[in-house]
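Enquirer: For reference, the structure I am asking about is given below.
The values are calculated or read from the model by the stated rules, or taken from the named source; none is laboratory data. Because the structure is a prediction, the values reported are computed rather than measured. Cβ placement follows ideal geometry from the backbone for every residue including glycine, while neighbour counts extend to all protein chains displayed.
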Amino acid sequence: MTHTNYRVLKSGIMIDSALYSENTVKNAISIFSGDVHVTAEKKSHQWHIHFESKNPSDLKKAIDFFNTELVKLKISEIKTEQMRQSTIKGNRFMFVINHKCNNNCLHCAESENRSNPEPSAVEIKKTLEDVLVDGFSDVFFSGGEPTLRKDIIELVGFAKSRGYRVLLFTNGRKFSGTAFAEHMASAGLYSVVIPLHSHIPEVHDRVTSVRGSYKETMQGICNCLEKNILVNIKIIPTKLNYISLPETVEFIGKNFKGSRIIFDMLHIGGNALRNESRISVKRSKTAKYLEKALDFAIDKNLDVTVESFPLCLIERKYWGCIRNSRIVVSAYKKSLSETRIGGEGQILAEKCSVCSVKDRCPGTWESYFKRYGDSELKPLVS
Ligand code: SF4
């Protein structure tokens, strides 16, 4: 295995610093053992790695070593990054197991990662064993679209056999096949989260960019319910669906009895950033329709939750539906004591520091505040 992004100098190599991080270079130096003094210096987008030795054959060995080792380290860096995208929420391990998807949603925040390599079944199983030691009871497989993995049934079965409660974030299309739903249920799948972008087929398909996806997702939800897999239906308000949120909730209440409804707010990244003018709508504009949808849900005794919606934008009587998951995002393998507020997750704005409910408010996605600022927030003073 050799890398192609380097130039051999008289006594060292020169590599592209956009491709190789300082960490990778330092790691390579730290594991190199030879009678050669190695130094690295970054000069205008290039790493200059210098070798000093009296013996020319040692210099050649050093060049060969870095030529292969940097590539290996780069691959392991990609894998580490892949794991980093997995997160821990409370006692739940959120595990990103692939990046491909058969939808291309207008607001997909993962669209940038489609071509990233996916972990092998062996790596996934090993990680599940490692995380089990950390005391996690739930594993939440996510993607991409995790059902596109050929080994998904095996992975669900493996996780279940290790004592996990297994949850899956999916667009639900694969579950439109009765046999697939049956196999996933038998393997031990406990619950799914399936986004429904609207009760109107054309709107749902416009969001997913796949004609016919609505029909498959509908069938998938029915099949999951039939196989006693707990169904959470996720609705993300966008410019295309926010006015009809109450009707969508009414539709779910009538057609998918026993399912739960989760409202989550748009994260402005990936496709959502590219399609921002088509889909993004301010939280304050959404509030009136969200409240009507909640009225219906509460009236019909539906199980409904709202995530990443600032409390000050919605009437107090709905606050019981709002979940604060702001404090529970941490990178894979960090201990729970290292959990942090903010980062790439949900945050409060500067203005919130004077608000009397700041400790129980979820705030919203950081990307939203970056885009729209905090002018619509109204800090509460008790
Ligand atoms: S001002 Fe900030 S902390 Fe207070 S309710 Fe609004 S978003 Fe939440």
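Enquirer: When you go through 278, 316 one by one, which is the residue that is out of contact with any strand residue (DSSP E or B) (no Cβ under 8 Å at 6 or more places or on another chain) and within 16 Å of the ligand (Cβ to nearest atom)?
Expert: The conditions single out 316.
Enquirer: I would also like to ask the following. In the range 361-376, which residue that is surrounded by fewer than 23 Cβ atoms within 10 Å (Cβ to Cβ) and within 8 Å of the ligand (Cβ to nearest atom) is nearest to residue 318 (Cα to Cα)?
Expert: Only one residue fits best here, namely 362.
Enquirer: Considering only the range 281-313, state which residues are within 13 Å of the ligand (Cβ to nearest atom) and either in a loop (DSSP other than H, G, I, E, B) or within 23 Å of residue 209 (Cα to Cα) (or both).
Expert: 308, 309, 310
Enquirer: Could I ask something else about it? For the structure I just gave you, tell me whether residue 1 is exposed (fewer than 15 other Cβ atoms within 10 Å of the Cβ) and at pLDDT below 75.
Expert: So residue 1 fits the description; yes.
Enquirer: Under 9 Å between Cβ atoms, at least 6 apart or on separate chains: pull out the pairs that start in the range 45-61 with a residue that is outside the structural domain of residue 22 (by TED's automatic domain parsing) and end on any residue that is at pLDDT below 80.
Expert: Within 9 Å, no pair qualifies.
Enquirer: Please specify each residue of the range 10-29 satisfying the condition of being modelled with pLDDT under 80 and either part of a loop (DSSP other than H, G, I, E, B) or out of contact with any helix residue (DSSP H, G or I) (no Cβ under 9 Å at 6 or more places or on another chain) (or both).
Expert: Within the range 10-29, 10, 11, 14, 16, 17, 18, 19, 20, 21, 22 qualify.
Enquirer: For the range 34-57: of the residues being in a strand (DSSP E or B) and at pLDDT below 80, which is farthest from residue 24 (Cα to Cα)?
Expert: The extreme case among them is 43.
Enquirer: Looking only at residues that are touching a helix residue (DSSP H, G or I) at 6+ places or on another chain (Cβ under 6 Å) and at pLDDT below 90 in the range 336-357, which one is nearest to the ligand (Cβ to nearest atom)?
Expert: Looking at residues that are touching a helix residue (DSSP H, G or I) at 6+ places or on another chain (Cβ under 6 Å) and at pLDDT below 90, I get 349.
Enquirer: Can I ask one more? If you check residue 158 against the conditions, is it over 14 Å from the mean Cα position of the chain (by Cα), in a loop (DSSP other than H, G, I, E, B) and among the aromatic types (Phe, Trp, Tyr)?
Expert: No, not satisfied.
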